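What follows draws every value from the coordinates through simple rules; no lab data is involved. No experiment lies behind these values; they were computed from the predicted model shown. Please note: Cβ atoms are built from the backbone with ideal geometry, for glycine as well, and neighbour counts cover all protein chains shown.
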Amino acid sequence: MPKLNLTQSFVNKAKVEEGITSVDYYDERIPGLLMKVLPSGRKTYYIRYKDKRKVSSQKKLGNAVILTLSDARALARRKLAEIAMGADPFSLIQSNPSPTLEKFAASDYIPYVKTYKKSWEMDISRIRNHLLPYFGAMRMSDIEKRDVVQLINDKLPSYKPGSINRVIILLRYMFNLAIKWEVEGVSRNPTAGIPLLKEDNHVERFLSSEEAKALLIAIKNSKNPMLRHIISMLILTGARKREVLDAKWEDFDMERNIWRIPTTKAGKARIVPLSDAASALLIKLRQKKRCAHAFANPATLKPYSSVYYSWHTARKEAGLNDVRVHDLRHSFASFLVNAGRSLYEVQTLLGHTQIKTTQRYAHLSTTSLRSASNEISLAVPELI
């Protein structure tokens, strides 16, 4: 059985030679951790250990495609530490009626969120990549606060605070639902009282008028013939990328110059007034109408799943490597506020449910602020 200092690169490339049933690669850094490779290409992490009765056992940790090597080492270290203290982390005590986190996720949580949550696939990804490697085999009643804290500490070197917070929020929600549904054996939430990490990774990016012009020149030269129309619509309306990509002709009322977005991030329909420029853009596109979607891929007549490659090429040519598509929405709000429009107007146009969200986007120019200050002297000229 090969024994070596495993690396992630080796794990990614490991194969089984023809005629061999399987190969076990033992990790030198974590005694007992091994990776089994099958001819099919499947790679799985296991740990080998002796329980308190001195009986040798081998237990599965997880798929090596899902678990990174560092995650597998952290999980193995945790399990082996419990074994050294006389416990068997893989034993399922029949007197404990609560389900394992993996079972609850598969049988209860995921089917439920699929019924209403647009981002349920992201939940599945976080459960698979972050929660199951730590807690998947554990019964929910056995998960303690210290386990959650350990998860946070293990993730800190590799993930941003915001990413870790999303995982903790998800775990908290899963436990809250289990308690609400009166799942047998689940009576407390191990995330209660654990504060979220401070997030300092928010970066606001707003285009200047000059940058917007440079970007529009670049997208006009794009090999993607629809990119210029998609980006223009985003800048003119402040809509979200997916809202534009999925827009149908039936959603536009050109007589009243309004766009009804049937499903938004908030899960509700909203009305977007169309400017003269946005209406002109749509009229131009409608002359070439070939399908139900306004901004469809000309090759497939279906909405683009992504325009990242053509967008990335255009922003590089414009010298705007740091600008994201979503920053066009930020810029829409910034242009309006700097032109003297009220936060209420911007809030309504962007479809924000809370004014504090709009305030995050709105950066007033000093010119606009000075103009507002001048209103005082105009109202009370006697002050001068």
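A simple spin-label model places pseudo-atoms 7 Å from Cα toward Cβ; at MET254 and MET122 they are separated by 3.5 nm.
The HN-Hα couplings worked out from phi for region 41-49 by the Karplus form 6.51 cos²θ - 1.76 cosθ + 1.60 (θ = phi - 60°) are x, 5, 10, 9, 8, 9, 10, 10, 7 Hz, whole numbers, x standing for Gly and Pro.
Working from Cα pairs under 8 Å separated by at least six residues, relative contact order for region 30-78 is 33 percent.
Residue separation of ALA81 and ALA292 scaled by 0.36 nm, minus their Cα-Cα distance, works out to 70.0 nm of gained length.
Lys and Arg at +1, Asp and Glu at -1: add these up for the other residues within a Cβ distance under 12 Å of SER279 and post the number. Intermediate results must be reported in sequence, preceding the final value.
Details: positive: ARG256, LYS284, ARG286; negative: ASP253, GLU255, ASP276.
Taking every other residue near SER279 into account, the sum is 0.
Tell me, in nm to one decimal, what length is gained between ILE194 and VAL65 on full extension, where the rule is 0.36 nm per residue of separation less the Cα-Cα distance? Mind showing how you got there, number by number?
Details: separation 129, 0.36 × 129 = 46.44 nm, distance 3.03 nm.
Net length gain for the segment: 43.4 nm.
Here the simple spin-label model places points 7 Å from the Cα toward Cβ, and for ASP147 and TRP181 these points are separated by 1.8 nm.
Rounded, prolate or oblate: which fits region 3-68 when a ≥ b ≥ c are the square roots of the eigenvalues of the alpha-carbon gyration tensor, with rounded for a/c under 1.5 and prolate only if a/b beats b/c? Cα axes put region 3-68 in the prolate bin.
The fewest-to-most ranking of TRP120, TRP259 by surrounding Cβ atoms within 10 Å reads TRP120, TRP259. Maximal additional length on extending the HIS326-ARG42 stretch stands at 98.5 nm, based on 0.36 nm per residue less the C-alpha distance. Counting only Cβ charges, +1 for Lys and Arg and -1 for Asp and Glu, the dipole size of region 101-180 around its Cα centre is about 260 debye. When you count the other C-beta atoms within 10 angstrom of each residue and take the mean per peptide, 36-42, 17-23 line up highest first as 36-42, 17-23.
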